[in-house]
1. Only one of these is crowded, with 18+ Cβ neighbours inside 10 Å, more than 22 Å from Leu405 (Cβ to Cβ), of a type outside the set (Lys, Arg) and in the same structural domain as Phe230 (by TED's automatic domain parsing): Ile296, Ile287. Name it.
2. Determine if the range 307-316 includes at least one residue that is surrounded by 20 or more Cβ atoms within 10 Å (Cβ to Cβ), in contact with a strand residue (DSSP E or B) (Cβ under 8 Å, 6 or more places away or on another chain) and not aromatic (Phe, Trp, Tyr).
3. Across the range 546-595, which residue is surrounded by the most Cβ atoms within 10 Å (Cβ to Cβ) among those that are part of a loop (DSSP other than H, G, I, E, B) and touching a residue at least 40 places away in the same chain (Cβ under 8 Å)?
4. Just a yes or no: is a residue in the range 188-207 in a loop (DSSP other than H, G, I, E, B), at pLDDT 95 or above, touching a Cys at 6+ places or on another chain (Cβ under 9 Å) and among the charged types (D, E, K, R)?
5. Could you list all residues from the range 519-538 that are modelled with pLDDT of 95 or more and more than 26 Å from His139 (Cβ to Cβ)?
6. Quick check on this structure: which one of Arg83, Arg122, Arg103, Arg155 is basic (Lys, Arg), under 21 Å from Ser454 (Cβ atoms) and in the same structural domain as Phe204 (by TED's automatic domain parsing)?
7. Report, by residue number, each residue of the range 393-448 that is assigned to a helix (DSSP H, G or I) and of a type in the set (A, V, I, L, M).
8. Checking the structure you have, find out if any residue of the range 178-187 is assigned by TED's automatic domain parsing to the domain that holds Val493 and within 23 Å of the chain's Cα centre (by Cα).
Amino acid sequence: MKNPTKILWILLFCIYSSATLAQTKIIEAIKNSKAYVLLQDNSIAPEMKIDRKWNGNFCTTTIYNKSKKDFRLKEVMLLQAGRLFKGNTSFYAEGFQMLSQYRGTLAAPLLVGGYDDNKHYRLAQPEGYKAVYNMLILHNEDGNETLMGFNSSFRFTGKFYLSADTIKVVMDMENVLLKAGAFIKLEEFSLIPGRNVNQLTAAFAKRINYFHPRLQSKGIPAGWCSWYCFGPEVTAKNISDNLAYIKKNIPQLKYIQLDDGYQPHMGDWLETSNTFGSNIKTTLKEIKKAGFEPAIWVAPFICDSNSSIYKEHPDWLVKNVAGKPLQSDKVTFGGWRLAPWFVLDATNPAVQQHLTHVFKTMSTKWGCTYFKLDANYWGAIQSGVYYDKNATRITAYRSGMKAILKGAGNAFILGCNHPLWPSLGLINGSRSSNDISRDWDSFLKTGDENLLRSWQNGKLWWNDPDCVLLTGTLPENEFMYHASLLFSTGGLVLSGDDLTTITKEHLAILKKMVPPKGITALFNTTLDIGWMKAPGATYLVLLNKDDQPKKISVPLSKSYQVTNYWTGEKLGNHSKVFNGELPAHSGRVYQLKSL
């Protein structure tokens with residue numbers, strides 16, 4: 001068996017040895033930058049000793065309270081980069097919430113994801129800075145790359161404050177109490193220089209795996225989801241009709257996912273809505289009897305004010321400072337349906353038992369082998385008072401997830417609308433984009449979100465690029481862009497269409513997408529040329545986002561026979577270069593066979 005630690009150090013040596021002298025000086029300046037602790041009242045605490053220890057690219061930090069007083073810690077300034085990077089330095093960074101991603105330049109950050117952590121979810125950021133989370137990749141004009149990131153998320157949230165001339169590396173301490181004479185160990189941090197971003201993210205992922213080993217699964221799910229064709233008005237007949245079609249025409253869609261709409265209220269997951277038209281258990285048994293796997297949507301951390309959970313167990317809910325159940329819209333986004341939501345306090349042992357019971361019932365009695373967990377972000381809600389007064393929102397969330405896993409058994413766990421890094425090691429799959437919809441703007445934006453997170457697929461978890469949509473009135477080129485891009489992600493494949501209405505041509509495309517390849521295409525920086533080397537096959541993915549036709553020339557390292565993967569059309573033999581011509585808003589996948 002290969003030694004993963006040895007492999008990681010060899011990879012890091014290769015990366016670091018490629019760093020330039022200028023890069024090395026920047027790295028050393030960051031490592032030697034000033035660190036300090038900010039207290040709850042925003043004052044700097046001179047009584048705190050900050051012990052930073054570097055082991056190559058990795059930094060462990062311990063905070064010691066050397067005084068005779070107890071203090072509440074607001075945040076720790078771990079490292080700083082002042083005037084080391086230009087304002088026009090481009091970057092990519094993650095958000096705290098799955099729906100948040102960022103890129104642009106240090107002087108002009110841009111939102112990639114659908115929702116901003118600060119504006120939408122009301123996560124605080126200092127005046128004059130943009131707060132981003134978890135990881136930051138800096139792309140210098142000279143071709144150098146610098147990756148900064150937090151390797152773990154057990155208790156605290158790591159973030160970065162960005163301005164045109166300064167980067168601050170910060171750990172959010174959530175006003176945790178540090179008693180006199182005590183110490184706190186923080187999450188480990190990576191600072192990795194190099195010239196190949198794919199190598200940097202691979203090394204980063206390996207270090208994350210050291211702290212948060214991947215939650216393993218038997219395979220990569222392919223299936224069908226009810227949400228994008230029926231929404232919350234889904235009925236048992238909708239499920240039965242599509243189940244019959246899938247069984248006859250595309251049985252590779254193994255998982256039949258019943259999405260939001262079956263329950264009467266948020267929080268009452270073991271009950272069935274009057275509008276569903278059947279008992280939920282009857283529908284799930286029908287799926288199993290047909291030879292497929294029952295899959296179900298659950299938002300385990302939330303409830304609405306009309307739910308039985310809210311009415312019967314107010315003591316189970318996260319509280320506000322007055323001791324009343326915390327109403328989510330008072331501190332963050334209140335929710336998208338049956339809002340405002342209230343939040344189950346997963347530090348309460350009774351809530352943990354409840355979560356385990358719900359998922360054990362669904363897995364052992366209902367037969368569910370796949371759970372889509374939604375609204376998980378609220379399980380790590382800010383400004384709440386927890387049953388466990390020593391808990392942070394990260395430990396609260398992770399406690400809840402562990403209780404869910406205990407009940408779910410070997411089922412596949414998909415995280416959606418989740419706090420991204422706190423979910424490490426606790427989910428099999430991770431939604432990597434905002435919700436899809438049947439329009440070009442959505443195909444374009446969610447496509448970028450998925451491509452920018454492609455490095456996570458197969459390393460941290462399996463990516464879920466959201467559903468394949470192949471029905472509707474969009475131009476054929478836009479469907480081909482959407483299908484080609486999702487194919488390139490190599491993650492989950494779920495159809496979001498009422499398949500009883502799909503054309504035979506688009507059914508043929510859907511069949512080409514399953515089973516999932518499990519291999520992610522590596523794209524160039526402009527995200528229009530991607531290479532995917534799957535077992536026994538090489539694929540070239542070309543994407544044209546432009547409003548005009550586009551010619552793309554791709555250098556070839558050897559001679560290939562080229563075939564249009566979607567149509568099967570043979571395009572002849574090509575050596576040295578392949579010239580592809582794509583209509584506006586279009587994508588193509590080519591299968592290449594070595595000559």
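1. Values: Ile296 fails: more than 22 Å from Leu405 (Cβ to Cβ).
Sole residue among the options that is crowded, with 18+ Cβ neighbours inside 10 Å, more than 22 Å from Leu405 (Cβ to Cβ), of a type outside the set (Lys, Arg) and in the same structural domain as Phe230 (by TED's automatic domain parsing): Ile287.
2. Step one: of the range 307-316, the residues surrounded by 20 or more Cβ atoms within 10 Å (Cβ to Cβ) are 307, 309-310, 316.
Restricting the remaining residues to those that are in contact with a strand residue (DSSP E or B) (Cβ under 8 Å, 6 or more places away or on another chain) gives 309-310, 316.
Adding the requirement that they be not aromatic (Phe, Trp, Tyr) leaves 309.
So far as the range 307-316 goes, yes, one or more of its residues are surrounded by 20 or more Cβ atoms within 10 Å (Cβ to Cβ), in contact with a strand residue (DSSP E or B) (Cβ under 8 Å, 6 or more places away or on another chain) and not aromatic (Phe, Trp, Tyr).
3. Of all residues in the range 546-595, those part of a loop (DSSP other than H, G, I, E, B) come to 546-549, 556-559, 565-569, 575-576, 583-585, 595.
Imposing the further condition that a residue be touching a residue at least 40 places away in the same chain (Cβ under 8 Å) reduces the set to 565-566, 583-585.
Details: Tyr565: 20, Trp566: 20, Pro583: 18, Ala584: 16, His585: 23.
By that ranking, first place goes to His585.
4. The initial filter retains those residues of the range 188-207 that are in a loop (DSSP other than H, G, I, E, B), namely 188, 195-196.
Within this subset, residues satisfying the condition of being at pLDDT 95 or above are 188.
Those left that are additionally touching a Cys at 6+ places or on another chain (Cβ under 9 Å): 188.
Among the residues that remain, those that are also among the charged types (D, E, K, R) are: 188.
Yes.
5. Hit for the range 519-538 is Thr538, nothing else.
6. Details: Arg83 fails: under 21 Å from Ser454 (Cβ atoms); Arg122 fails: under 21 Å from Ser454 (Cβ atoms); Arg155 fails: under 21 Å from Ser454 (Cβ atoms).
After ruling out the rest, the residue left standing is Arg103.
7. Taking the range 393-448 and keeping what is assigned to a helix (DSSP H, G or I), we get 393-408, 421-423, 440-448.
Hits for the range 393-448 are Ile394, Ala396, Met401, Ala403, Ile404, Leu405, Ala408, Leu444.
8. Here is the first cut: in the range 178-187, the residues assigned by TED's automatic domain parsing to the domain that holds Val493 are none.
No, that holds for no residue.
The values are calculated or read from the model by the stated rules, or taken from the named source; none is laboratory data. Given the structure is predicted, the values throughout are model-derived calculations rather than measurements. Virtual Cβ from ideal backbone geometry, glycine too; neighbours counted across all protein chains shown.
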